[in-house]
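Notes follow the structure.
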Amino acid sequence: MHQVVLYPPNQPWVRRDAGAPRQAVPLPSTPPTRRPCLSGRRSGVLFSAAPGPNPTGPSSSSQPDAAQKRAEITANVERAAAMVGEIVNEVTRELFVSEAVAYIQNDRADQTELVAVREAVARRLDFLDANFLTTLAGFIRACEQRGDSQLCRMLTAIHEEVLRQVGARMPAAAQVLDLALRHADKDERVGVLRAATTAAAAGTGGATAAGAIPAADFDTLAATASKFIDEMEEQAEVPDRRLLARLVLLREELRLLREEMRFASGLDPDLDSDHQVLMAEPVRSNVPQRCAAFLKELVAVSDPLRRVGLLAAAFERDWDGAAPRQKPQTAFHANQPDWVRPGRLMATLQSMVVQLQGLDEANASTAGSGGGGSGGVGGGAGGNTAVIARLETIRSEAMAVLDRMHTAGSGTAVGDGDGSDGGIGVSGKGGSGGSGGGGSSGGVPVVEPSVV
């Protein structure tokens, strides 16, 4: 009886004399590959509920994560879009009410679009995040493409007001960095930094007038810039390499401005007093091992074009070939990415320069008035002078790569360099060059820095 219910009677293995009245029931024409167990049914188990083998393999485990991430992004964008809609509706309603009241009273409207936008943004500023600005920028772009100039003007005013109010809540050093990052020209950025540090040295308070530059000292500016850089470079993927390049450039320009003002002041840099005396910028006591290994390889390269190409490859992406992977220094560093990235490399380079200069000064002080020809870690009569000169050349080449990334977004820095930024000064022009050239043809002696 059960065979007739499960299988059609037209199959050759079913007896024709069993259950003929049940032929009207629509049944599958193909029997299942596995006959169900009719005698010992398992309680609470459905055969159809058991998942079969996954044909997609191990890659299917990442599909739920990708779908979940997309769902989170969609939810964030929808929440930001709802917030944009609330602000636009409130501004429109306030303007409509003001115009209606003015029309009835035969008077001027007491509400302007800028004031309405300012009040609407101020009421919601604590609930805004980065998704809001991204969604708002997308709406502005869509309005521009559609040709809706009136809505585009209102959305642009909202965008500028959000940036203004967020910037007003930032510390003075962050405001100075934000003002400097808005300029693409180096002289204008340095001008902003100079105005802020001069106001801090003169004891002037924060910015009071609209558009004025707040006062901030060198140490606070450098610490704030380093904090932003470290937060970006400690992530698994750098979200915006162009912004990272601009921040690193700004920190280097701040360091150069500090050195310029130290030596131009005519004061003893080692003398501390109650007045503004610029001390030397502190450097990192522990440097990333992989960056130190990469710099060690760069010092041995005599060809400036090849050095620029290596720097561009390391800065523009997480290049695994920059240097061998190093053992984590501590358990804290074990979970952090150890890529060669611009901020880490420039901080490592500065630490190496300061360390080598300190070694030369120590050797000179111990040698006294003698010739001192035998000494030094770097070898030769000049001590570490040649290595320091090569490191300074690498610094200028790295800044050129960063400047090109900052202006072009993602351009490579290999193409049109001519190696004319000052002469290497420490190696011969001809010779065996390449990545191995430390010894022959006036090569620079390679000094391995002490990495804590």
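The values are calculated or read from the model by the stated rules, or taken from the named source; none is laboratory data. What you see is a predicted model, and the numbers here were worked out from it, not measured in a lab. With ideal geometry, Cβ positions are generated from the backbone for all residues, glycine too; neighbour counts draw on all protein chains shown.
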Of all residues being charged (D, E, K, R) and either over 30 Å from residue 304 (Cβ atoms) or surrounded by fewer than 17 Cβ atoms within 10 Å (Cβ to Cβ) (or both) in the range 357-393, which is modelled with the highest pLDDT? Just the residue, please. 392
Residue among 109, 100, 82 that is at pLDDT below 80, surrounded by 10 or more Cβ atoms within 10 Å (Cβ to Cβ) and assigned by TED's automatic domain parsing to the domain that holds residue 156: 109
Considering only residues that are in contact (Cβ under 8 Å) with a residue 12 or more places away in the chain and of a type in the set (Lys, Arg), look in the range 100-136 and name the one that is nearest to residue 153 (Cα to Cα). 118
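Yes/no per residue for (1) within 19 Å of residue 217 (Cα to Cα); (2) assigned by TED's automatic domain parsing to the domain that holds residue 228; (3) surrounded by fewer than 18 Cβ atoms within 10 Å (Cβ to Cβ):
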| residue | (1), (2), (3) |
| --- | --- |
| 138 | no, no, yes |
| 145 | no, no, yes |
| 151 | no, no, yes |
| 155 | no, no, no |
| 160 | no, no, yes |
| 177 | yes, yes, no |
| 182 | no, yes, yes |
| 185 | no, yes, yes |
| 188 | yes, yes, yes |
Can you tell me how many residues within the range 286-319 are touching a Pro at 6+ places or on another chain (Cβ under 9 Å) and among the basic types (Lys, Arg)? 2
Please state which one of 261, 232, 279 is buried (at least 16 other Cβ atoms within 10 Å of the Cβ) and modelled with pLDDT under 85. 261
Being at pLDDT below 90, within 16 Å of residue 90 (Cα to Cα), in the same structural domain as residue 90 (by TED's automatic domain parsing) and not in a helix (DSSP H, G or I), is that true of even one residue in the range 112-125? yes
